[in-house]
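The values are calculated or read from the model by the stated rules, or taken from the named source; none is laboratory data. Note that the structure is predicted; figures quoted are calculated from it, not measured. Cβ: placed from backbone, ideal geometry, glycine included. Neighbour counts: every protein chain shown. To get the accessible areas, we keep the full protein, side chains included, count just its heavy atoms, and leave off ligands, DNA and RNA. Shrake-Rupley method; radii C 1.70, N 1.55, O 1.52, S 1.80 Å.
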Amino acid sequence: MQSSPSSPSPQAIIEVRDMDFSYGSSVALKNIDLSIQRNEITAFIGPSGCGKSTLLRCFNRMNDFIPGAHVSRGQILIDGTDIHSSDVDAVELRRDVAMVFQKSNPFPRSIYENVAYGPRILGEKSKDVLDGIVEKALRGAALWDEVKDRLNESAYGLSGGQQQRLCIARAIATEPEVLLMDEPCSALDPIATSQVEELIDELREQYSVVIVTHSMQQAARVSQKTAFFHLGNLVEYDFTDKIFTNPSKTRTEEYISGRFG
């Protein structure tokens, strides 16, 4: 697949154009057209198995690790570049399009080394530079004040909510453009969930955030745009307020009102 010569829509960071995605011969996503704007939080909602996490993992090519998984038609453009073009390095892509997973997954290392890991992999060796990166990322994840005196302690000593914020710090330490979040609060208690939601809202100032969530209430709280998926189809994509108060599609209204899901 060749890079598209056409430029993305104004302010768009991600564009999906007429895309089908398959696992082997099974089509998981069909005819997806979607434009995600810079410095907005976009939520993907829908019942289990609808394709929302599959699409999220398409954006940084995490699906490449699944045998037989492939884009069978269409394109995904990030900053106007087709991410499946032969001259796009998937490792570089994942630096620019970082991901936070459903379950916090800190490395079995110190808090400091968790955050410094990405910059080290990218070749940064200066202790002074790494110190600055670690502090900046932990501040960006609203965690610095809680851990600044225990940076050399194991990340496993943190609470669940702190571990998830540490994973966010690790993700932003490489200064990505896009932050993908796959149900980042599903394993957290209400207080930790509230803290992470506040953080997500703050991150919008510097990053474009795409969040998959099983919680419609969370989508309504944190996002500016919401996409509703059902059976591999993008049913509706609009401003979050409209999706939740006056959806255009019957299937969206039925899902929002709890008639299925």
query: Taking segment 149-161 as the search range and keeping residues that are at pLDDT 95 or above and in a helix (DSSP H, G or I), which one is nearest to Leu130 (Cα to Cα)?
result: Ala155
- prompt: Is at least one residue of segment 17-39 in contact with a Lys or Arg (Cβ under 6 Å, 6 or more places away or on another chain), crowded, with 20+ Cβ neighbours inside 10 Å and aromatic (Phe, Trp, Tyr)?
  reply: no
- prompt: Got a sec? Which helices (runs of 4 or more DSSP H) wholly within segment 183-254 have at least 3 residues that are at pLDDT 95 or above?
  reply: 216-222, 240-245
task: Show the residue pairs that are 6+ apart or on different chains and have beta-carbon atoms under 6 Å apart, the first residue being within segment 171-194 and in contact (Cβ under 8 Å) with a residue 60 or more places away in the chain and of a type outside the set (Lys, Arg), the second being in a strand (DSSP E or B) and open to solvent by 20 Å² or more (accessible area, probe 1.4 Å).
output: Leu180/Met99
- prompt: Which is farther than 22 Å from Cys167 by Cβ, at pLDDT 95 or above and aliphatic (A, V, I, L, M), of Ile14, Ile76?
  reply: Ile76
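If a residue must be out of contact with any Leu (no Cβ under 9 Å at 6 or more places or on another chain) and touching a residue at least 12 places away in the same chain (Cβ under 8 Å), how many such residues does segment 54-66 contain? Quick ask: steps written out before the conclusion?
The first filter runs over segment 54-66 and keeps only residues out of contact with any Leu (no Cβ under 9 Å at 6 or more places or on another chain), leaving 63-66.
Those left that are additionally touching a residue at least 12 places away in the same chain (Cβ under 8 Å): 63-64, 66.
Counting residues in segment 54-66 that are out of contact with any Leu (no Cβ under 9 Å at 6 or more places or on another chain) and touching a residue at least 12 places away in the same chain (Cβ under 8 Å) gives 3.
Only residues that are without any contact (Cβ under 8 Å) to a residue 60 or more places away in the chain, touching a Phe, Trp or Tyr at 6+ places or on another chain (Cβ under 9 Å) and surrounded by 17 or more Cβ atoms within 10 Å (Cβ to Cβ): list them for segment 244-261, please.
Within segment 244-261, Pro247, Arg251, Thr252, Ile256 meet the criteria.
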query: Has segment 164-171 got at least one residue that is open to solvent by 10 Å² or more (accessible area, probe 1.4 Å), under 16 Å from Val100 (Cβ atoms) and either modelled with pLDDT under 90 or touching an Asp or Glu at 6+ places or on another chain (Cβ under 6 Å) (or both)?
result: no
